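Undergrad: Handing you this structure, nothing more for now.
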Amino acid sequence: MIPPRGANPAQTRPPAGQTPPARDQKNSDRTGSVPAPDPCVHNGAMAQLPESAPVPGSTAALLAGYLHAAGVRHVFGYPGESVIDFMEAVTHRGIEMVSAVREGTAAFMAEAAAMTSGNPGVCLSTLGPGSTAVLNGVAAATLDRVPLLAISGQIESSREQFFTHQVVDHGRMFAPVSKLALRLEPASADVVIRKALRTAGAERPGAVSLTVTADAWPAPAGGAPAEGEVRLPPMAPAAGTVDVFGEGDPLRTLAAARRPVLLAGIAALRCAAGPELVRLAERAGIPVVVSPMAKGVFPEDHPYFAGVLDMAGYRVVWDLLAGADLILAAGFDPVELISPWSVSTPVLHLDTTPNTDQVYAAAHELVGSVGALLGWLTAQWTGEPRWDEAAVAAHRARLRAAWLAGRAPGRLNPSDVVTIAREAAPPGTILATDVGSHKIMAGQAWQAGEPRSVLIPNGLSAMGFGVPAAIAARLTRPDRPVLALVGDGGFAMAATELRVASSLGLPVTVVVFADGSRNRIELRQQSVGYPPTATRMDGMDLVALAGATGCDGVRADTPAALEKALAGFAARSRPLIVEARIDPAQYQAQF
Ligand SMILES: Cc1ncc(C[n+]2csc(CCOP(=O)(O)OP(=O)(O)O)c2C)c(N)n1
Ligand SMILES: [Mg+2]
């Protein structure tokens with residue numbers, strides 16, 4: 001049965017002329033007028049439910065059914081003729097179709113939704129320019145190891161082989177940036193959808209591209225046992241079996257170590273191995289370094305927490321690893337290495353994946369679910385704790401001093417922004433960063449309390465992620481405050497997506513490290529004596545931009561002003577853009 005138009009309150013907009021008044025007037029620092037949400041504008045979720053149902057038993061309906069069963073509640077995309085049947089099918093299935101400003105940012109939203117929820121992310125683009133525009137986000141999901149279905153429309157199958165207007169070969173185009181590029185054809189729809197979902201989620205996860213010709217969507221789906229029935233494949237990252245590779249006994253190697261260090265990475269996060277990490281760290285007295293994308297897998301206020309790899313203060317962390325006599329790499333993925341692996345410390349490799357990267361030559365490889373592997377080591381441990389808490393605290397103090405180095409007195413330093421934002425953020429806040437010098441500062445010192453609460457792109461490391469990621473995080477976790485810390489370069493790449501946030505009433509807060517520079521690259525130029533070619537930017541008036549996109553906006557150039565701007569941000573009802581005018585001098589001490 002089709003619900004009447006507007007029956008779903010979540011997808012209903014006020015009729016034109018009846019827009020509710022802005023609720024946050026007293027906190028509003030913006031200038032200029034806020035455009036009223038316009039139900040005719042296609043920003044944000046599709047406004048109304050379809051009048052006619054998609055064809056029952058169609059390929060579109062089957063794919064929508066599988067997505068729903070896999071926990072997908074949002075499809076992020078941009079419309080085109082070749083995908084209109086599918087947009088109706090997902091809406092009919094109760095999945096919200098979120099229309100971004102462009103396809104590339106829609107893919108970042110889908111990636112961030114998957115990072116936050118653990119379920120596959122889904123982005124949608126049309127043929128030709130839509131599919132080419134989505135590539136960066138697809139590559140990001142693959143290198144960030146995030147399960148993503150990138151669905152692209154294509155011209156009808158009768159013209160696909162010879163027609164040239166807007167037609168590119170998706171199979172060849174998506175191959176290098178995805179785990180698999182498939183064509184969804186009606187006759188084999190059931191098996192191909194299952195294959196796509198299983199492949200996207202299997203270790204190591206990543207993007208799967210699904211190309212669907214316009215005529216395939218309404219055609220009857222083949223292979224389903226009964227109309228509309230879905231048979232969801234397992235979505236868990238790894239089961240419990242253990243393969244052991246390498247000479248000798250890994251338990252003996254561990255028992256012989258006097259200064260072991262755990263290095264936890266994203267496979268540990270995917271395996272939800274946090275409790276086992278804590279138990280091994282405490283029982284055997286082992287400090288834990290985490291990778292940026294694994295932040296939260298180990299509590300950062302724990303006495304055995306030893307910092308984040310390759311973020312600000314990175315030399316202190318590498319010194320710890322160099323001085324260790326065994327590194328237990330627990331789900332560590334070398335895709336996150338920014339520096340080369342330069343230490344000769346022996347490695348015990350604990351991962352869902354064999355050591356196929358060979359960045360280090362592991363003494364032993366234990367392959368299975370990371371939590372189970374850690375649990376097994378803990379159960380076998382009979383020795384004394386190897387490190388005392390005071391020694392780890394001394395290491396953390398060195399790291400903190402390195403992170404604070406180079407501060408310019410009396411100015412708004414990058415470290416001030418991170419500290420003030422963290423203090424203003426209530427427990428449970430989700431943080432998204434962009435890419436650049438600000439990420440390196442935030443990645444080290446933003447204290448993560450739980451898994452999947454910090455979204456840092458560190459595989460492809462694509463700029464333009466932070467703003468769309470914050471929007472998707474808030475949609476996925478409406479119960480959580482969401483904050484983005486972004487550079488002014490990355491912000492400019494995605495700023496118009498904030499109109500989506502205001503249209504959908506998503507009160508995300510975006511703090512822009514405004515330094516008029518693509519600083520991370522400018523620092524490289526400085527280090528080799530080059531001028532800042534193409535790395536300086538004219539500043540933008542972000543307060544005006546906030547007004548133009550229906551957000552509140554405020555400028556801060558001192559710590560006190562920033563504290564005031566961020567006070568109580570989690571209780572706001574409208575999106576907020578904070579232009580934090582920083583002095584970037586401190587970065588020079590960091591890199
Ligand atoms: C899409 C993309 N283009 C280029 C780069 C290379 N890059 C890495 S950091 C950076 C500068 C980022 O500038 P900004 O966003 O202002 O951050 P800041 O370094 O100033 O904190 C650039 C150009 C990238 N990572 N992603
Ligand atoms: Mg900048």
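Any read-out appearing in this document is the output of simple, stated calculations on the displayed coordinates, not a laboratory observation. Note that this is a predicted model, so its numbers are computed, not measured. Heads up, the Cβs are rebuilt from the backbone with ideal geometry, glycines too, and the neighbour counts pull from every protein chain shown.
Undergrad: Roughly how many nanometres apart are two label points built 7 Å out from the Cα toward the Cβ at Gln161 and Ile338?
TA: Distance between the two pseudo-spin positions: 5.1 nm.
Undergrad: Amide H of Gly121: which non-local residues (sequence gap of 5 or more, or other chain) have their own amide H closer than 5 Å, using H built in the peptide plane?
TA: Ala114, Leu148, Leu149
Undergrad: Using only Cα atoms, locate the centre of region 546-591 and the centre of region 260-282, then give the distance between them in Å, rounded to an integer.
TA: Centre-to-centre distance over Cα atoms comes out at 34 Å.
Undergrad: Please report the equivalent ellipsoid semi-axes of the chain, computed as sqrt(5 x eigenvalue) of the Cα gyration tensor, largest first, in whole Å.
TA: Whole-Å semi-axes of the equivalent ellipsoid: 39, 32, 21.
Undergrad: Hey, what does the equivalent ellipsoid look like for region 123-236, semi-axes from the Cα gyration tensor as sqrt of 5 times each eigenvalue, largest first, whole Å?
TA: Whole-Å semi-axes of the equivalent ellipsoid: 22, 21, 9.
Undergrad: With the Cα gyration tensor of region 350-507 giving a ≥ b ≥ c as the square roots of its eigenvalues, does the rule (a/c under 1.5 for rounded; else a/b larger than b/c for prolate; else oblate) give rounded, prolate or oblate?
TA: prolate
Undergrad: Using a cut-off of 11 Å between beta-carbons, work out the net charge of the residues near Asn458 (Lys and Arg +1, Asp and Glu -1, Asn458 not included).
TA: With Lys, Arg at +1 and Asp, Glu at -1, the neighbours total -1.
Undergrad: For the chain, what does the helix formula give at 222 nm: sum of -39500 (n - 2.57) over DSSP H segments with n ≥ 4, over the residue count, nearest 500 deg cm²/dmol?
TA: -9500 deg cm²/dmol
Undergrad: Same structure, new question: Tally Lys and Arg at +1 and Asp and Glu at -1 over the other residues with C-beta under 10 Å from the C-beta of Ala580: what net charge comes out?
TA: Here the charged neighbours net out to -3.
Undergrad: Using Stokes-Einstein with the Kirkwood hydrodynamic radius over Cα pairs, what translational diffusion coefficient do you get for region 242-355 at 25 °C and a viscosity of 0.890 mPa s, in µm²/s rounded to a whole number?
TA: It comes out at roughly 174 µm²/s.
Undergrad: Which distance in nm do the two modelled labels at Ala567 and Phe245 give, with both placed 7 Å along the Cα-to-Cβ direction?
TA: It works out to 5.8 nm between the two label points.
Undergrad: Another question about this same structure. Please state, as a whole number in µm²/s, the translational diffusion coefficient that the Stokes-Einstein equation yields for region 434-569 at 10 °C and 1.306 mPa s, with Rh defined as the Kirkwood radius across alpha carbon pairs.
TA: For the chosen part, D equals 100 µm²/s.
Undergrad: Leu328's amide H: which non-local residues (gap 5+, or another chain) put their own amide H closer than 5 Å, with H modeled 1.01 Å from N in plane and none for Pro or chain starts?
TA: So Leu328 has HN proximity to Val261, Leu262, Leu263, Leu348.
Undergrad: Tell me, what HN-Hα J-couplings in whole Hz come from the Karplus equation 6.51 cos²θ - 1.76 cosθ + 1.60 at θ = phi - 60° for each residue of region 582-591, using x for Gly and Pro?
TA: 8, 9, x, 3, 4, 4, 4, 6, 9, 10
Undergrad: Please sort by residue number the GluC sites (Glu not before Pro) in region 187-262 whose DSSP state is loop and whose Cβ has at most 13 other Cβ atoms within 10 Å.
TA: Of the GluC sites (Glu not before Pro), the ones in loops of region 187-262 whose Cβ has at most 13 other Cβ atoms within 10 Å are Glu227, Glu229, Glu247.
Undergrad: Starting from the Cα coordinates of region 189-250, work out the convex hull volume and express it per residue in Å³.
TA: 116
Undergrad: Suppose every K and R has +1 on its Cβ and every D and E has -1 on its Cβ; what is the size of the dipole of the chain about the Cα centre, in Debye to the nearest 20?
TA: That gives the chain a dipole magnitude of about 780 debye.
Undergrad: By the gyration tensor of its Cα atoms, with a ≥ b ≥ c the square roots of the eigenvalues, what is the shape of region 412-476: rounded for a/c under 1.5, prolate for a/b over b/c, or oblate?
TA: Oblate, since a/c reaches 1.5 and b/c is not below a/b.
Undergrad: Now for a different question. Compute the signed sum of charges (Lys and Arg +1, Asp and Glu -1) over the other residues within less than 15 Å, Cβ to Cβ, of Met173.
TA: Neighbourhood net charge equals 0.
Undergrad: Going through the DSSP H helices of the chain, which span 20 Å or more along their own axis at the Cα atoms while scoring at least 0.0 as a mean Kyte-Doolittle hydropathy?
TA: Helices passing the filter in the chain: 103-117, 389-404.
Undergrad: What is the ratio of the Cα radius of gyration of region 517-591 to 2.2 N^0.38 Å, where N is its residue count, to two decimals?
TA: 1.37
Undergrad: Hey, with R₀ at 56 Å, roughly what FRET efficiency would Glu423 and Thr356 work out to, going by the Cβ-Cβ distance, to 0.05?
TA: Between Glu423 and Thr356 the formula returns 0.85.
Undergrad: Restricting everything to alpha-carbon atoms, can you work out Rg to Rh for region 375-446 with a Kirkwood hydrodynamic radius?
TA: 1.13
Undergrad: Find, among the chymotrypsin sites (Phe, Trp or Tyr not before Pro) in region 130-201, those assigned to loop by DSSP (not H, G, I, E, B) with at most 16 other beta-carbon atoms within 10 angstrom.
TA: Loop-located and lightly packed - Phe162, Phe163.
Undergrad: While we're on this one: Would you kindly calculate the translational diffusion coefficient of region 122-175, applying Stokes-Einstein with the Kirkwood radius from alpha carbon pairs, for 4 °C and a viscosity of 1.567 mPa s, and quote it in µm² s⁻¹ without decimals?
TA: Value of D from the Cα-based Kirkwood radius: 110 µm²/s.
Undergrad: When averaged across all projection directions, what area in nm² does the alpha-carbon convex hull of region 480-543 cover?
TA: 5.1
Undergrad: Roughly speaking, what is the centre-to-centre gap between region 143-222 and region 486-517 when only Cα atoms are used, to the nearest Å?
TA: Region 143-222 and region 486-517 have Cα centres separated by 31 Å.
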